[in-house]
1. May I ask you to list the residues in region 235-267 that are assigned to a strand (DSSP E or B) and modelled with pLDDT of 75 or more?
2. Among the residues of region 206-251, which ones are within 20 Å of Cys346 (Cα to Cα), of a type in the set (A, V, I, L, M, F, W, C) and free of Cβ contacts under 8 Å to residues at least 60 places away in the same chain?
3. Taking the condition of being of a type in the set (A, V, I, L, M), modelled with pLDDT of 95 or more and assigned to a helix (DSSP H, G or I), how many residues in region 313-341 meet it?
4. Determine, yes or no, whether Phe80 is among the aromatic types (Phe, Trp, Tyr) and either modelled with pLDDT of 95 or more or closer than 20 Å to Arg216 by Cβ (or both).
5. Residue pairs, Cβ under 7 Å, 6 or more apart or interchain, first in region 321-341 and over 19 Å from Lys184 (Cα atoms) and assigned by TED's automatic domain parsing to the domain that holds Thr190, second part of a helix (DSSP H, G or I) and modelled with pLDDT under 95. List them.
6. Among the residues of region 169-214, which ones are surrounded by fewer than 19 Cβ atoms within 10 Å (Cβ to Cβ) and among the hydroxyl-bearing types (Ser, Thr, Tyr)?
7. Starting from residues that are out of contact with any strand residue (DSSP E or B) (no Cβ under 7 Å at 6 or more places or on another chain) and crowded, with 21+ Cβ neighbours inside 10 Å, keep the ones in region 221-237 and report whichever is nearest to Phe134 (Cα to Cα).
8. Counting just the residues of region 170-205 that are assigned to a helix (DSSP H, G or I) and free of Cβ contacts under 8 Å to residues at least 24 places away in the same chain, which one comes out nearest to Asp276 (Cα to Cα)?
Amino acid sequence: MNCFPWAKDSAKKSKNNKMKYKSLDQDQPKSLLDTQKVAPAKIDMKEDAKDAEQSAVTNDLEVVEGVGGDHKEKGKSRSFKLSELIDATDDFNMENYLGEGGFGKVFKGKLKDTGELVAIKQLDSDGTQGVREFVIEMMTLSLVDHPNLVKLVGYSVEGGQKLLVYEYMSLGSLEKYLYGHKRKTLDWNTRMKIAAGAARGLEYLHDKLNPPIIYRDLKSSNLLLGEDFHPKLSDFGLAKVGPTGTNTHVSTRVMGTEGYCAPEYAMTGQLTFKSDIYSFGVFLLEILTGRKAIDSKRPSKEQNLVDWARPLLRDRKNIYHMVDPELRGQYPPKQLYKAFATALICVQEQPSTRPRVSEVAKALDHIVSQLYTPQSPPAQTTPEIPVIS
């Protein structure tokens, strides 16, 4: 989805760098797909076209598995036959429907040979949109290995179909817990645990992976929860290899979700690691306030979460009016201040004033380490919040 609802998918794409993906220096292609062009999916493709398409996707995966150093063996994914995934989902029975993922429907499945529960994303077959994102996600997840990133079990590209098979995250997306009927289950400790886990996953992409990756689609609906609310980032279809060497940014078509896009990226198409930091700040504000990034049902001055939050956070007295009412006053005031201050500095308009992801992760880990025990009645201490312009 584009950052703006009026932006059309038919916008001009930047020219691909045709250089083969041989090195990890600043001359490498900026998209994980720049080495290949994949034919669009069609249900009525001839057998030779189907074979060619499957070969192209497989070749892309092999190219990426050839880089990444230590990650190569960790991220091995399995090629499934279409029949295996049909069996796993009972022919994609709607009783197994989990929801809509990036560019396709997601179904719960059970692999017959191992008994493993999985989530299977089926790319929309009518039209070409999403094919590029499918391959990028497949290639990205074949490289990464981190406890806060969703695991890719495998893929299938048979019969004109394109499917991705992920580990099954039993509790679903964070979005459902923030805005659905399960809101009351998210106490302070759980929210901070989720935020810190997301920060560690992003830190891995930015600072630990070689080449580094800009996630570009951080939001509550892309944060999946496993047992005991263990968080994992998912949906890497918009991921982009970040700038290296002397480069400061990656020039690309503006993509993402309205309300989460950094203003400088939305205006110029210049993507940096600080673009992800802005999105993380919005995400953290969601967790703290229980408000959506964009909510057209609210009064006009409150529809954009960041625009609403920034001026309020300059007065220390406002945080208690901003915090999610579902917490019912059960939070530690000093840690609440630190969490709001972290979110605020992440959504600064100037990218240079935003922190590195390692700093964000460290701040949230510290909050998590201060385990909160609910009080009755709730504490009312008001900490001071410095003005951050």
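The values are calculated or read from the model by the stated rules, or taken from the named source; none is laboratory data. Values in this document were obtained by computation on a predicted structure and should not be read as measured data. Note that we place each Cβ from the backbone using ideal geometry, even for glycine, and neighbour counts take in every protein chain shown.
1. Lys240, Val241
2. none
3. 4
4. Values: among the aromatic types (Phe, Trp, Tyr): yes; either modelled with pLDDT of 95 or more or closer than 20 Å to Arg216 by Cβ (or both): no.
No.
5. Tyr337/Ile319; Phe340/Ile319
6. Ser170, Tyr179, Thr185, Thr190
7. First, the residues of region 221-237 that are out of contact with any strand residue (DSSP E or B) (no Cβ under 7 Å at 6 or more places or on another chain): 227-230, 236-237.
Right, trim to crowded, with 21+ Cβ neighbours inside 10 Å and you get 236-237.
Details: Phe236: 9, Gly237: 6 Å.
Across region 221-237, the extreme among qualifying residues is Gly237.
8. Among those that are assigned to a helix (DSSP H, G or I) and free of Cβ contacts under 8 Å to residues at least 24 places away in the same chain, it is Lys176.
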